[in-house]
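What follows is a single structure, written as structure tokens, with notes after it.
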Amino acid sequence: QVQLVESGGGLVQAGGSLRLSCAASGRTFSTYTMGWFRQSPGKEREFVAISSWNTGTRYYADSVKGRFTIARDNAKKTVYLQMNSLKPEDTAVYYCAAGGCLGSGCSVPDFDYWGQGTQVTVSS
């Protein structure tokens with residue numbers, strides 16, 4: 001079992017930055033692929049970024065590539081999402097997830113554990 005709690009969301013102007021954190025509990029955290037997803041009103045939850053257990057392999061959605069960076073600290077059981085050059089279309093609830101899928105084709109059903117989400121709002 002893995003429990004996930006996100007933090008770091010908020011309101012930021014376009015072009016600004018935010019760093020999201022996801023604190024995990026559970027003894028097997030380091031064995032899971034960790035991912036970030038987001039969901040805007042009226043839209044399906046979508047993949048944002050995924051990291052392998054040692055951050056050696058990472059995948060990003062095309063819409064965030066070059067602007068967002070996923071990282072994890074297994075000793076602290078925490079995964080991060082650094083978001084730079086934010087755009088209004090990045091506005092969404094961001095969710096942290098743990099699972100066994102690793103690849104750009106991973107989607108919501110591939111992840112077993114989810115956080116409650118944190119709101120990110122980017123104003124124009």
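The values are calculated or read from the model by the stated rules, or taken from the named source; none is laboratory data. Bear in mind that the values here come from a model prediction, so they are computed numbers and not experimental data. Neighbour counts are summed over all protein chains in view; Cβ atoms, including those assigned to glycine, are modelled from backbone coordinates with ideal geometry. The area values use the complete protein model at the heavy-atom level, side chains included, leaving out ligands, DNA and RNA. Shrake-Rupley method; radii C 1.70, N 1.55, O 1.52, S 1.80 Å.
The rows are residues; the columns are (1) assigned to a loop (DSSP other than H, G, I, E, B); (2) open to solvent by less than 50 Å² (accessible area, probe 1.4 Å).
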| site | (1), (2) |
| --- | --- |
| VAL48 | no, yes |
| ALA75 | yes, no |
| GLN82 | no, no |
| ALA98 | no, yes |
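Considering only the stretch 99-116, state which residues are without any contact (Cβ under 8 Å) to a residue 12 or more places away in the chain and out of contact with any strand residue (DSSP E or B) (no Cβ under 6 Å at 6 or more places or on another chain).
Result: GLY105, PRO109.
For the stretch 2-27, give me each residue that is surrounded by fewer than 18 Cβ atoms within 10 Å (Cβ to Cβ) and farther than 12 Å from TYR94 by Cα.
GLN3, LEU11, VAL12, GLN13, ALA14, GLY15, GLY16, SER17, ALA23, SER25, GLY26, ARG27
Could you grab me the full set of residues in the stretch 1-46 that are touching a Ser or Thr at 6+ places or on another chain (Cβ under 8 Å), within 21 Å of VAL108 (Cβ to Cβ), in a loop (DSSP other than H, G, I, E, B) and modelled with pLDDT of 95 or more?
GLY9, SER40
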